[in-house]
Amino acid sequence: MSLRVQVGAGWNLPVSDESQVHGVVAATTAAARTAGLDARSTARCELLATELATNLVKHAYGGRLLVTASGQGVVQLAAVDRGPGIADVPASMADGYTTTSSLGGGLGICRRVATRFDLYSRPGQGTVVLARVGAAAEESADGIEVGGVLTPHPAESVVGDGYGVAWEGDRLTVAVVDGLGHGPRAAEARQATLDLAGRHTVTDVSRLLREFDAGLRTTRGAAAGVAQVDGWGRRLTYGCVGNVTGRLYPPREGRTLLCMPGILGAGVPTRSHRLDTADWTDPAMLVMHTDGINGRWRLEDYPEVDRHHPAILAALIWRDAHRGNDDATVVVIRTPTNKDVR
């Protein structure tokens, strides 16, 4: 089971003025090119970027558009803000809806144009709008969904973080990687790690970590966390070396999974490849993030978020816990429950 989805390109685009909309659209065009989308899908991405950025300016008084691209043909846009929120989400989906003197309908357009669409909002706390474009926009299989966001160091144009997803029958594997430092050399280490995972059959988490350690010797090295869910056996196996956090729910407050110190590629001792295991109950959720995210976020701050795509929670955690001085990645793995807007 090699990685079927690799995500290693991301943009963190501030939007506080209409003059920034053009730059947001240009970055989204670059994301579509990275993902290998055709002209029609690229145009859909550009329309979504225009509508979401315009909404951030007019209704949220500014925010961020987080854009990610995978080489498997998916572009994801997540508009995040701490604005007034939306009191009536269903009404906001209707054409002509507006809270300003301008013509409404932007969110309704986004829902029609996107392959996958979702929205989470709390009055007085802000909103996350998620739109995904691409034939492979479903990162889910066998009752488990995966979603994430990643952004570069604020002084860099390339991302040193990344993640990959693989499925085989009832088994799901997710690898979250943080190349040491930031910039091009960190991105090189990240990509080398994902390439290694893509070339090897992922049946043994400890063995995969050893493959990372051996294969990254010519790079500056990386931290990585690997989670494998055996859906048939209802079991989670987790291995981690370096500064990647894994937090499992339930329990209600979350349990932080074992992660050993070290740098993959620097000759990690065998004892550092220790694994953590836990029951994978229904419902169950695992949040993994790199050290560009601090650990002070709380799941209880996002009521009913389990009714939404997991990338919504990833974007909320990024919004509220992003350190702002490093690459940052958040990935959420979850058994789905009842859904809201899609």
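The values are calculated or read from the model by the stated rules, or taken from the named source; none is laboratory data. This structure is a prediction, so every number in the text was calculated from the model and none was measured. Because the Cβ atoms are built from the backbone with ideal geometry, glycine has one as well, and the counts that use them run over all protein chains shown. Remember, those area values only see protein heavy atoms, side chains included, never the ligands or the DNA or RNA. Shrake-Rupley method; radii C 1.70, N 1.55, O 1.52, S 1.80 Å.
Here are some notes:
- Restricting attention to segment 310-325, the residues that are within 16 Å of Met288 (Cα to Cα) and in contact with a Pro (Cβ under 9 Å, 6 or more places away or on another chain) add up to 1.
- Top-ranked residue in segment 1-55 [being part of a loop (DSSP other than H, G, I, E, B) and more than 20 Å from the chain's Cα centre (by Cα); ranked as surrounded by the most Cβ atoms within 10 Å (Cβ to Cβ)]: Met1
- On inspection, Thr281 does not qualify as within 21 Å of Leu194 (Cα to Cα), in a loop (DSSP other than H, G, I, E, B) and out of contact with any His (no Cβ under 9 Å at 6 or more places or on another chain).
- Note on segment 254-277: residues that are more than 15 Å from Ser206 (Cβ to Cβ) and without any contact (Cβ under 8 Å) to a residue 40 or more places away in the chain total 3.
- Among the residues of segment 243-256, those identified as out of contact with any Leu (no Cβ under 6 Å at 6 or more places or on another chain) and surrounded by fewer than 23 Cβ atoms within 10 Å (Cβ to Cβ) are Asn243, Thr245, Arg247, Tyr249, Pro250, Pro251, Arg252, Glu253, Gly254, Thr256.
- Failed item, numbered, when Gly233 is tested on (1) in a strand (DSSP E or B); (2) modelled with pLDDT under 95: (1)
- The sole residue among Leu258, Leu248 that is in a strand (DSSP E or B), out of contact with any helix residue (DSSP H, G or I) (no Cβ under 6 Å at 6 or more places or on another chain) and among the hydrophobic types (A, V, I, L, M, F, W, C) is Leu248.
- Inside segment 261-278, residues that are in a helix (DSSP H, G or I) and open to solvent by 40 Å² or more (accessible area, probe 1.4 Å) make up a count of 2.
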